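Taking it in order: structure first as structure tokens, then the write-up.
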Amino acid sequence: MTISAYLKLPSQSSPQNNTINNIFVGLHPDQATDAIVDEALVQKAPFAVIPCCVFPQIFTSRRQADGKNVTSYGGLLRYLRQKHKHIRVAELGFVGRDTCVFMLPEDYIDNSVTGKSWNDDVWWDEFRVGAMDDVLHVEDDE
């Protein structure tokens with residue numbers, strides 16, 4: 001099954017029918033993690049990244065909302081989640097680093113227009129997930 005099929009994305013994209021033109025995916029993308037998330041946010045495109053390595057010596061300018069440097073895996077997850085208020089997190093349930101940080105197409109919709117309210121505890125039902133606090137307060141390990 002393709003990612004597009006799994007996320008129920010249209011097979012044909014065009015600006016005329018207001019469908020998706022891009023999707024960004026990164027499985028343990030190392031130094032490309034920020035670039036994938038940032039470009040998806042600029043394009044308002046759905047994305048899914050499963051970060052692995054933190055690289056605190058390379059990314060010395062990464063800061064969490066509280067001003068702390070990103071030096072641990074838990075800090076990296078918090079930092080990525082803080083890039084947009086609608087970014088979701090899910091544990092995929094495989095061996096190794098399996099936390100997926102993602103946004104779906106509907107996460108970009110202006111809720112004031114649709115009348116929908118946003119709930120930070122919205123989860124991707126197909127995956128085994130924990131409470132937001134469990135995911136965002138991962139022990140600061142290296």
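Where a number appears in this text, it was derived from the coordinates with a stated rule and is not lab data. As the structure is a prediction and not an experimental result, all values here were calculated from the model. FYI the Cβ positions are ideal-geometry reconstructions off the backbone, even for glycines, and counts take in every protein chain you see.
Annotations
- If the chain linking Cys53 and Asn69 were pulled fully straight, counting 0.36 nm for each residue of separation and taking away their Cα-Cα distance, it would gain 4.3 nm.
- Residues whose amide H falls under 5 Å from that of Arg62, counting only those 5 or more places apart or on a different chain, are Val70, with hydrogens built in the peptide plane.
- Estimated distance in nm for a label pair at Lys83 and Gln31, the labels positioned 7 Å out from Cα along Cα-to-Cβ: 1.7
- Placing a pseudo-label 7 Å from each Cα along the Cα-to-Cβ vector at Ser61 and Asn21 gives an inter-label distance of 2.7 nm.
- Between Lys44 and Ile109, residue separation times 0.36 nm minus the direct Cα-Cα distance comes to 22.4 nm.
- Sorting the segments 28-37, 93-102 by their mean number of nearby beta carbons within 10 angstrom, highest to lowest, gives 28-37, 93-102.
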